[in-house]
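Peer 1: Sharing a structure here in structure tokens format.
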There are 2 protein chains.
Amino acid sequence: MANRPQARTDVNRSAILARLGAHGPASRADLARALNVSPALMTQLTKDLLSEGLLRELEHSPSQGGRPARMLGLMSTAGRAIGVKVVADHVAFVDVGIDGTVVRSASEPFDASASTFLADLTGLLRRFVAGGGSAPLLGVGVGVPGSVDRQANGLVDSTQMGWRQVPLGSTLQRELNLPVIVENNVNALAIAERLYGVGRLHENFLVVTIGTGIGAGIMVDGVVLRGSGGGAGEVGHIPVEVDGPLCTCGNHGCLESIIGEAALVRLGRGRGVIGEHSGIAALRGAADSGNAEATRIFSEAGHVLGRTLAGIVHTLDPEIVIVLGEGTAAWSHWSFGFEPAFRSSLIPSRRGVAVAVETWQDESWAQGAAALVLATPFDAEDMAGDQGRLVRERLVEQAFPQAGAGA
Amino acid sequence: MANRPQARTDVNRSAILARLGAHGPASRADLARALNVSPALMTQLTKDLLSEGLLRELEHSPSQGGRPARMLGLMSTAGRAIGVKVVADHVAFVDVGIDGTVVRSASEPFDASASTFLADLTGLLRRFVAGGGSAPLLGVGVGVPGSVDRQANGLVDSTQMGWRQVPLGSTLQRELNLPVIVENNVNALAIAERLYGVGRLHENFLVVTIGTGIGAGIMVDGVVLRGSGGGAGEVGHIPVEVDGPLCTCGNHGCLESIIGEAALVRLGRGRGVIGEHSGIAALRGAADSGNAEATRIFSEAGHVLGRTLAGIVHTLDPEIVIVLGEGTAAWSHWSFGFEPAFRSSLIPSRRGVAVAVETWQDESWAQGAAALVLATPFDAEDMAGDQGRLVRERLVEQAFPQAGAGA
DNA sequence: ACCTCTTTGTTCAGAACTAAACAAAGAATA
DNA sequence: TATTCTTTGTTTAGTTCTGAACAAAGAGGT
């Protein structure tokens, strides 16, 4: 009895799965190099995973100069994760496979300022989870606009939603009985970019979101920079203009108070471009149809953003800057001011920094949150802490639902 | 024959030595916790190191609630490192013991713009090395104002000294036949702060130097943030003022062009506070003796620095900001503008960030460079790469100068 | 004085991993 | 076509490290 393969180190096992999920099929040799272990060990680990049905051997074999590689791929039934994007007035859910593909999604109204918001959110999430597919659910990732304490206990501070020290993570864990990983939404986006987007090719990059607020996710050597209190990336409150407009944070002249959505709308109304009750869509429409004052508003915003980002680039030296968020819908107008200001504010040796602009949807934010769960196996026990361990456990348990199945 | 203890993993061995050097004596249990290995292994490793004469057991035993700890200390003869600070017009050397104490120091004139600067520097360094003590020399750390390529090969770009792609590291290695680690001087200071200064208590902090230039060293989770090209921390070129004064980088309105030493002196002359041929010392003197215009110049500089640093704090969320450099001699005048500007530009939750001002000497910069060598064993093979391995080797060889000494 | 609790440090079996040799399978080359 | 080279993947032997049990040495209470 007890011929159970004595579960190898879970970290390595799940790192293999996560790697395959994020980067697609790979050979044993590739994996050994990527995860920095010996080929010998990789043979062992993959043998186990194959016999457990988590991996499968693909016939495919490229062959380039030497023995052709036998590619390994994930069994798509190995697991899935749920991602949640929480904002002030609604919640978006996605259910993604272990390979990052969206299986299912939904969006529900939600009032973050209601006194029952925690129970409301739990209920909505519980309903979405209940409608799930057959693959085992590894965990839930939640992206929120605000800062989250380091250990991903899920203690949330959010000025945007009026939350102070809300125990979002622990509450959801208890209620749902699932691993829950809570993270700032821009950081979640940065992780998604690292796994599935432009960031796959870069270890050091900056994700900047423009929209209601201005935020940044900072990726350094492949991991998110959180700072001492989980509050890194609050670039929306970089002081830009002395005695500038009042910001939601109480200060004057923050970046966000000048180029945030509210500020642009206010300018549009003030300069008579749009009506007193029109919003950002109208302003963008005006610019699209050639209104000079409207394009100027966006271009000026681009100018301010360009100068400020140049400063951040000098501070952090990223390989690439990725601009995201609802605001990118009007990027063609922003860029008019952004490009010259950004380039001319950089020191010569840094002037070649790439800038990529992407238009992601609401769903993408939630996908970023799901990526938190799928990415946890990567972080060496540190970041996601307890919840990360739980995700790993579920990923491994999956092979041996009960006790050891005899030979 | 061959009863040689079969040298255990060098990384762990030298990590123990480096840890003891940086933090003073510690018990085996302390070390095991700090270096994240099992107590069992620590027993093994320290047994070897003790028998090799690199460590010694201290009688001292605090005892607090349980069995009293047997402290371990370094044999001060285990090794030493040389630190070099290179600037445009001179070079400073220090010779420090493995515990970070300065044994010997020197300063020599040097012309970074001479065509023979590489040979000159080699010669000066060779002479200083020759005058060394008895402890084995582990390596040489060099701090330069400029950016150094990632692998610490020592390829230097420095606008301040007019160097482009100077192979400083490889040249010195070849000529001196010693491990050489080259690093940006502010980063070196940050490492020194981490080992010996305020940074011992913090994993996330910012070192800001004010003087000729303005620079920053960024410590994240205990390691220096270098960025993609080793150019992180160039905060001197953050754009501050549209159409501001011309900067050495060719742009206008960089932070450095407004509050760098040259800018302050120019203001002082322009406003008639000091003569056309007086320098920063005269300006500081004027402020010290109460000249209102002089104090205003420093205070305005403090104001600009405060606002800009607030932006960096929002971006990185450090626990503490440490201000250093020659400029701190006049800090009492800077702070008049700095404090209110800094605090009022921070979002409420960040307003408590600590600021420490230290006045370090030329020698401290060189000590920071030496710290590079003593700190290498910490970085897990990554940063200092080849040179780090060499330092480790020398630290280990030291116990077995030749082949295995019989029983 | 005696028991319990806490912390340090050691020993030993066994797990996790690596290094090195080798087998497999094709490309490049003569 | 045979030879060499390159890369993948496996096997085996051995090293590094951990976990768990235990001994040592004191503090704190009863």
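The values are calculated or read from the model by the stated rules, or taken from the named source; none is laboratory data. Values in this document were obtained by computation on a predicted structure and should not be read as measured data. In this analysis, Cβ positions are derived from the backbone assuming ideal geometry, glycine residues included, and neighbour counts consider all displayed protein chains. Heavy atoms of the whole protein, side chains included, go into the accessibility calculation; ligands, DNA and RNA do not. Shrake-Rupley method; radii C 1.70, N 1.55, O 1.52, S 1.80 Å.
Peer 1: Let me confirm something: among A:Val140, A:Val103, which residue is among the hydrophobic types (A, V, I, L, M, F, W, C) and without any contact (Cβ under 8 Å) to a residue 40 or more places away in the chain?
Peer 2: A:Val103
Peer 1: Among the residues of the stretch A:297-315 satisfying the criterion of being open to solvent by 10 Å² or more (accessible area, probe 1.4 Å) and over 12 Å from B:Gly311 (Cβ atoms), which is farthest from the other protein chains (Cβ to nearest Cβ)?
Peer 2: By that ranking, first place goes to A:Ser299.
Peer 1: Only one residue in B:Pro340, B:Pro348 is farther than 30 Å from B:Val180 by Cβ and either without any contact (Cβ under 8 Å) to a residue 12 or more places away in the chain or away from every other protein chain (no Cβ under 14 Å) (or both). Which one?
Peer 2: From the options B:Pro340, B:Pro348, the qualifying one is B:Pro348.
Peer 1: Going by the structure shown, is B:Gly268 away from chain A (no Cβ under 14 Å), crowded, with 21+ Cβ neighbours inside 10 Å and in a helix (DSSP H, G or I)?
Peer 2: In short, yes.
Peer 1: If you don't mind, another one. On the basis of being among the acidic types (Asp, Glu) and within 16 Å of DNA strand D (Cβ to nearest atom), does A:Glu108 make the cut?
Peer 2: Numbers: among the acidic types (Asp, Glu): yes; within 16 Å of DNA strand D (Cβ to nearest atom): no.
Answer is no for this residue.
Peer 1: Related question: Against the definition (within 26 Å of B:Gly139 (Cβ to Cβ), within 16 Å of DNA strand D (Cβ to nearest atom) and open to solvent by 50 Å² or more (accessible area, probe 1.4 Å)), how does B:Ser76 come out, yes or no?
Peer 2: When the stated conditions are applied, B:Ser76 does not pass them.
Peer 1: While we're looking at this one, here's another question. Has the stretch B:89-104 got any residue that is within 16 Å of DNA strand C (Cβ to nearest atom) and open to solvent by 50 Å² or more (accessible area, probe 1.4 Å)?
Peer 2: Restricting attention to the stretch B:89-104, the residues satisfying the condition of being within 16 Å of DNA strand C (Cβ to nearest atom) are none.
No: zero hits.
Peer 1: Does B:Pro25 satisfy the criteria of being within 13 Å of DNA strand D (Cβ to nearest atom), over 24 Å from B:Gly143 (Cβ atoms) and not hydroxyl-bearing (Ser, Thr, Tyr)?
Peer 2: So B:Pro25 does not fit the description; no.
So that you can scan it fast, the table gives a plain yes or no per residue for (1) surrounded by fewer than 24 Cβ atoms within 10 Å (Cβ to Cβ); (2) closer than 30 Å to A:Thr248 by Cβ:
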residue: A:Asp149; (1), (2): yes, yes
residue: A:Leu178; (1), (2): yes, no
residue: A:Arg194; (1), (2): no, yes
residue: A:Glu203; (1), (2): yes, no
residue: A:Ala216; (1), (2): no, yes
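Peer 1: Among the residues of the stretch B:118-139, count how many are under 14 Å from B:Val166 (Cβ atoms) and open to solvent by 20 Å² or more (accessible area, probe 1.4 Å).
Peer 2: Total satisfying the criteria: 3.
Peer 1: Considering only residues that are within 23 Å of A:Leu201 (Cβ to Cβ) and either more than 12 Å from DNA strand C (Cβ to nearest atom) or in the same structural domain as A:Arg200 (by TED's automatic domain parsing) (or both), which ones fall in the stretch A:61-77?
Peer 2: A:Met71, A:Leu72, A:Gly73, A:Leu74
Peer 1: For the stretch A:157-168, what are the residues that are closer than 16 Å to A:Val91 by Cα and open to solvent by less than 30 Å² (accessible area, probe 1.4 Å)?
Peer 2: The answer is A:Ser158, A:Met161, A:Trp163, A:Leu168.
Peer 1: Please work out which residue is nearest to the other protein chains (Cβ to nearest Cβ), limiting yourself to the stretch B:22-45 and to residues that are near DNA strand C (Cβ under 7 Å from one of its atoms) and touching a Pro at 6+ places or on another chain (Cβ under 7 Å).
Peer 2: B:Ala29
Peer 1: Can I ask one more? Among the helices (runs of 4 or more DSSP H) confined wholly to the stretch B:152-261, which include 1 or more residues that are within 13 Å of chain A (Cβ to nearest Cβ) and under 30 Å from B:His303 (Cβ atoms)?
Peer 2: B:185-196, B:255-259
Peer 1: What number of residues in the stretch A:316-330 are open to solvent by 10 Å² or more (accessible area, probe 1.4 Å), over 26 Å from B:Gly215 (Cα atoms) and either within 14 Å of another protein chain (Cβ to nearest Cβ) or in a strand (DSSP E or B) (or both)?
Peer 2: 0
Peer 1: Tally up the residues in the stretch B:106-117 that are within 22 Å of the chain's Cα centre (by Cα) and either surrounded by fewer than 17 Cβ atoms within 10 Å (Cβ to Cβ) or part of a helix (DSSP H, G or I) (or both), please. Show your work before the answer.
Peer 2: Start the filter on the stretch B:106-117 by keeping residues that are within 22 Å of the chain's Cα centre (by Cα), which leaves B:106-110, B:112.
Still in the list and also either surrounded by fewer than 17 Cβ atoms within 10 Å (Cβ to Cβ) or part of a helix (DSSP H, G or I) (or both): B:106-109.
Here the count works out to 4.
Peer 1: Here is a further query. When B:Arg19 is evaluated against the numbered criteria (1) surrounded by fewer than 18 Cβ atoms within 10 Å (Cβ to Cβ); (2) more than 8 Å from DNA strand C (Cβ to nearest atom), which criterion, by number, is the only one it fails?
Peer 2: Against the list (1) surrounded by fewer than 18 Cβ atoms within 10 Å (Cβ to Cβ); (2) more than 8 Å from DNA strand C (Cβ to nearest atom), B:Arg19 comes up short only on (1).
Peer 1: Kindly list, by first and then second residue, each pair from a residue in the stretch B:353-367 that is at pLDDT 90 or above to a residue that is of a type in the set (A, V, I, L, M, F, W, C) and in a loop (DSSP other than H, G, I, E, B), limited to pairs with Cβ atoms under 8 Å and residues at least 6 apart or on different chains.
Peer 2: If the second residue must be of a type in the set (A, V, I, L, M, F, W, C) and in a loop (DSSP other than H, G, I, E, B), the pairs left are B:Val353/B:Leu346.
Peer 1: With A:Ile274, A:Ile238, A:Ile258 as the choices, which residue is touching a Cys at 6+ places or on another chain (Cβ under 8 Å), of a type in the set (Val, Ile, Thr) and open to solvent by 10 Å² or more (accessible area, probe 1.4 Å)?
Peer 2: Being touching a Cys at 6+ places or on another chain (Cβ under 8 Å), of a type in the set (Val, Ile, Thr) and open to solvent by 10 Å² or more (accessible area, probe 1.4 Å) holds for just one of A:Ile274, A:Ile238, A:Ile258, which is A:Ile238.
Peer 1: In the stretch A:75-100, what residues are free of Cβ contacts under 8 Å to residues at least 24 places away in the same chain and either in contact with a Phe, Trp or Tyr (Cβ under 6 Å, 6 or more places away or on another chain) or within 14 Å of A:Ala366 (Cα to Cα) (or both)?
Peer 2: Within the stretch A:75-100, just A:His90 meets the criteria.
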